[in-house]
């Protein structure tokens, strides 16, 4: 193998790596680890990024700036619920969809949320880590996931609620209690454009606050064989390893 052949092979491999990295098979959740603050996420209410030990995660709370508990993290007020221009409308949900039992006056009062739109294919998996924090017994956090044209049809019963019913432990995140870090996972049955909303609300009153920590939001695609598609960096690493092998082989040949 001459030098021209080696160089041609190496550049061909690097070109393939570039193509693999620059044209992923599926659209992805952007900034799901919140290392770039809240870039790519739309927010409403009290939302900020908390960094601990070099790890960043989104923190949403129902705490007002005037609350004596000093749990507000952004200097912005949580948004009201149940009225035009409120949290539901912002998220594309119908009025009343965040009320656990409005007929018995158990209703959401105010809250905060983050949202991102993305494209998924059938068989793709969405995962994220969450931790519900609370000083209350009725507040809850939620995950709303639906195709963009179906979001307004969701009711409270269609939400994934994260609350006291998940079990609580003592918290070291400024609140009295928390669920601890849990993982949410969902596999898509059909392709489409989806909207992911994560939020936390006060229920019945605003006397006590609650929060939601979110991290590691990922969309993992599957290829046509049903296997997980390798990460672009993994593909690039394999290609570079192959290029290094070709170069080393040529050096050995030249030394003979």
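Just so you know, all these numbers are worked out from the coordinates, no wet-lab data involved. Everything numeric here is computed off the predicted structure, so don't read it as measured data. Neighbour counts are summed over all protein chains in view; Cβ atoms, including those assigned to glycine, are modelled from backbone coordinates with ideal geometry.
The figures follow:
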quantity: Gyration tensor verdict on the stretch 41-144 (Cα atoms; rounded if a/c is under 1.5, prolate if a/b is larger than b/c, oblate otherwise); calculated: oblate
quantity: Percent breakdown of C-alpha pair distances by 5 Å bin, ordered from the shortest bin, for the stretch 28-228; calculated: 1, 8, 16, 21, 21, 16, 10, 4, 2, 1, 0, 0
quantity: Rounded FRET efficiency, nearest 0.05, which uses the C-beta distance separating residue 50 from residue 204 and R0 of 30 Å; calculated: 0.65
quantity: Cα-based shape type of the stretch 102-208, given that a ≥ b ≥ c are square roots of the gyration tensor eigenvalues and the cut on a/c is 1.5; calculated: oblate
quantity: Fully extended contour minus Cα-Cα distance, from residue 176 to residue 36, at 0.36 nm per residue; calculated: 47.5 nm
quantity: Gain in span if fully extended, residue 186 to residue 119, counting 0.36 nm per residue against the direct Cα distance; calculated: 22.7 nm
quantity: Pairwise FRET efficiency - residue 83 versus residue 103, Cβ, R0 = 30 Å, nearest 0.05; calculated: 0.95
quantity: Two-site label geometry, residue 149 and residue 70: point separation in nm, points 7 Å out along Cα→Cβ; calculated: 5.1 nm
